[in-house]
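Participant: Take this structure first; my questions come after.
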Amino acid sequence: MSNLYSRLAAGFPDPATPFAHLPDGSVVTYGDVDRRSAAFAHLLRGACVGIGDRVAVQAEKSIDMLMLYLGALRAGAVFLPLNTAYTAGELDYFMRDAEPALFVCDPAALPAVAPLAEAAGVPRVETLGADGGGSLAALLAGQPESFDDVARDDKDLAAILYTSGTTGRSKGAMLSHDNLGSNAFTLREAWAFTGGDVLLHALPIFHTHGLFVATNTILAAGASMIFLPKFDAAEALRQLPRATVMMGVPTFYIRLLDEPGFTRDHVAHMRLFVSGSAPLSADIHREFRERTGHAILERYGMTETNMNISNPYDGDRIAGTVGLPLPGVSIRIADPETGAEVPQGEVGVVEIAGPNVFQGYWRMPDKTAAEFRDGWFVSGDLGLVDARGYVTLVGRAKDLIISGGYNVYPAEVETALDELPQVHESAVIAVPHRDLGEAPVAVIVPRDKGYADADAIRAGLADTLARYKQPRAILFVDALPKNAMGKVQKALLREEHKDLLAG
Ligand code: MLC
């Protein structure tokens, strides 16, 4: 239908309306958003970024990174944000796979990134600093402050977000202008956002949650946000009195509850707390309600689908459930093997269809085909629907760990471990962790019996795996428990080590 930016901008409020309150006390208005994103769109065009070209960005969270995102939308380019934790080894893969026309990194990372980009054939590298510095700032000077947005169709790509995979190779989820646009307007309605809202934004902006759920919804509502560089519980506590809504991963809520100064009075004025990206335990939901009087609204989404299911804004927010399908989103619960829909109340794999569902994995038609069944996207999460239509997620059909809202695929960590000369074989398991929900732990059979140097193993992973994917604990064993087929029995390992990270 149209470019996502044009769609959002059609409803922008008066240009003097605040969009973002920055940590230094300055305010970015909607007028600033329009002018700055226009300048970025011109800059991209001048930097030979064509329609459909990828603009990859690994930079610290900043308001200009958001303006670059909007500028890329306006110029018809495809925005490709990367986790700041990714190592050189990971970046090398993304550069070769995505073939960006432009790579934007933090000024401090340039000496490491430039040679990687050159080797991968990336034609241009620029820098963007969290403080507004970097080469892009200089290039912005003098750029025109209005831009005719490039017309885009619903299915044209707006962004690619990489997700790790069960086979170890990350896959680029292709999201179209309408995937993002439809979801933003759906969430605005479902969560009753208005121009008067102020969102506490403490999430990273290289993922669906902070970039699309938070930012696009605010833009769709003409609302504003308090834009914080990262989540810090004490700072969040200071800022909450100015906010009406907060979005976070469960770790944010766990850490707020750990703050003695966090009381009912503090948040009595708040309209809404939203949680997602990882399961919110029913205990935390209850504890939060007791402490604050607020029932956290838990919702369920994925990089590939944006938001699918949400507890109601008006109505019962039931602890331990993710709620009801969002308007326009269809959910069915299917037998993981046959794909047949299971009777209501029975557990099956959650399958999703709707305008929110992505366009497939970048240059991986086989992997894309494998994750769809009769037009439904097979989420890999196991769930059931109760008599009232509420969905409860009960487990995962795929081997995945969610640590503090980041997905960690054991297969990827095991591959990295098995490549180390000291390792004969390995199994990576999820172990409960109070702060992060769960965290990866490695169980290793060393090549040499009796070898037990965990630090050397850690050092061996330093350049290949982002820190959050690295095991929180490394255990050495003589053999891994296996079934008759030779498959590692991870359930046994999980049970044996379930208290390892307690406390
Ligand atoms: C940081 N570290 C983590 C981690 N985050 N380790 C495991 N899991 C994580 N999530 C490590 C760092 O590498 C560092 O290690 C140490 O912890 C401290 O780093 P930090 O930067 O100070 O961490 P902190 O600020 O405490 O960050 C934790 C966090 C953050 C939970 C606040 O991870 C976060 O903001 N998570 C949100 C993730 C998110 O937005 N997910 C959305 C995905 S979209 P060391 O050893 O060097 O000290 C999606 C779809 C959907 O899933 O439905 O939303």
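Participant: What number, rounded to the nearest 500 deg cm²/dmol, is the helix-based mean residue ellipticity at 222 nm of the chain, given -39500 (n - 2.57) per DSSP H run of at least four residues and division by all its residues?
Facilitator: So the calculated ellipticity at 222 nm is -8000 deg cm²/dmol.
Participant: Find the centroid of the Cα atoms in the range 456-487 and in the range 122-164, then give the distance between the two in whole Å.
Facilitator: Using only Cα atoms to place each centre, the spacing works out to 38 Å.
Participant: Using 0.36 nm times the number of residues separating residue 346 and residue 286, minus their current alpha carbon distance, what extension gain do you get?
Facilitator: Stretched out fully, the residue 346 to residue 286 stretch lengthens by 19.0 nm.
Participant: Taking the Cβ-Cβ separation of residue 148 and residue 259 as r and a Förster radius of 45 Å, what is the calculated FRET efficiency to the nearest 0.05?
Facilitator: 0.40
Participant: Which net charge results for the neighbourhood of residue 214, defined as the other residues with beta-carbon distances under 13 angstrom from its beta-carbon, given Lys and Arg at +1 and Asp and Glu at -1?
Facilitator: +2
Participant: Can you give the extra length, in nm with one decimal, that the chain gains between residue 467 and residue 92 once fully stretched, where that is 0.36 nm per residue apart less the Cα-Cα distance?
Facilitator: Taking 0.36 nm per residue and subtracting the Cα distance, the gain is 133.4 nm.
Participant: May I ask you to derive the FRET efficiency for residue 124 and residue 363 from their Cβ-Cβ distance with R0 = 22 Å, giving the value to the nearest 0.05?
Facilitator: 0.55
Participant: If contacts are Cα pairs under 8 angstrom and at least 6 residues apart, what is the relative contact order of the range 231-396 in percent?
Facilitator: Relative contact order, the range 231-396: 15 percent.
Participant: With the crude spin-label approximation of a point 7 Å out along Cα→Cβ, what separation in nm comes out for residue 487 versus residue 459?
Facilitator: So the two model labels end up 3.8 nm from each other.
Participant: Would you kindly state how much longer the chain becomes between residue 266 and residue 335 on full extension, computed as 0.36 nm times their sequence separation minus their alpha carbon distance, in nm to one decimal?
Facilitator: That works out to 20.3 nm of additional length.
Participant: Separate question: Can you tell which of 484, 468, 417 lies farthest toward the positive end of the dipole of the range 416-503, using +1 and -1 charges on the Cβ of basic and acidic side chains (Lys, Arg; Asp, Glu)?
Facilitator: Highest projection toward the positive end goes to 484.
Participant: Here's another thing I want to ask about it. How high is the relative contact order of the range 349-433, given as a whole-number percent (alpha carbon pairs under 8 Å, six or more residues apart)?
Facilitator: So the answer I get is 20 percent.
Participant: For the peptides 334-342, 382-390, what is the packing order when you average, over each peptide's residues, the other Cβ atoms within 10 Å and list the highest mean first?
Facilitator: Final packing ranking: 382-390, 334-342.
Participant: Straight-line reach from residue 498: which lysines fall under 17 Å, measuring Cα to Cα and dropping same-chain residues less than 8 apart?
Facilitator: 490
Participant: Mind giving me the FRET efficiency for residue 110 and residue 85? R0 is 25 Å, r the Cβ-Cβ distance, nearest 0.05 is fine.
Facilitator: With a Förster radius of 25 Å, E is 0.90.
Participant: Shifting gears a bit: In Å², what does the accessible area per residue of the chain work out to with a 1.4 Å probe?
Facilitator: Accessible surface, normalised per residue, equals 39 Å².
Participant: Next question. In the range 400-496, carbon and sulfur make up what percent of the accessible area (probe 1.4 Å)?
Facilitator: 51 percent
Participant: Separate question: Say the cut-off is 26 Å between C-alpha atoms; which of 155/230; 367/469; 367/482 go over it?
Facilitator: From 155/230; 367/469; 367/482, over 26 Å: 155/230; 367/482.
Participant: Right, something else. Just need the relative contact order of the chain here, percent rounded to a whole number, with Cα pairs under 8 Å and 6+ apart.
Facilitator: 12 percent
Participant: Find how many whole Å separate the alpha carbon centroid of the range 375-417 from the alpha carbon centroid of the range 54-113.
Facilitator: Measuring centre to centre over Cα atoms gives 27 Å.
The values are calculated or read from the model by the stated rules, or taken from the named source; none is laboratory data. All figures in this text were calculated on a predicted structure; none of them were measured in a lab. So basically every Cβ, Gly included, is an ideal-geometry build from the backbone, and we count neighbours across all protein chains shown. Keep in mind that these areas ignore ligands, DNA and RNA; they rest on the heavy atoms of the full protein, side chains included. Shrake-Rupley method; radii C 1.70, N 1.55, O 1.52, S 1.80 Å.
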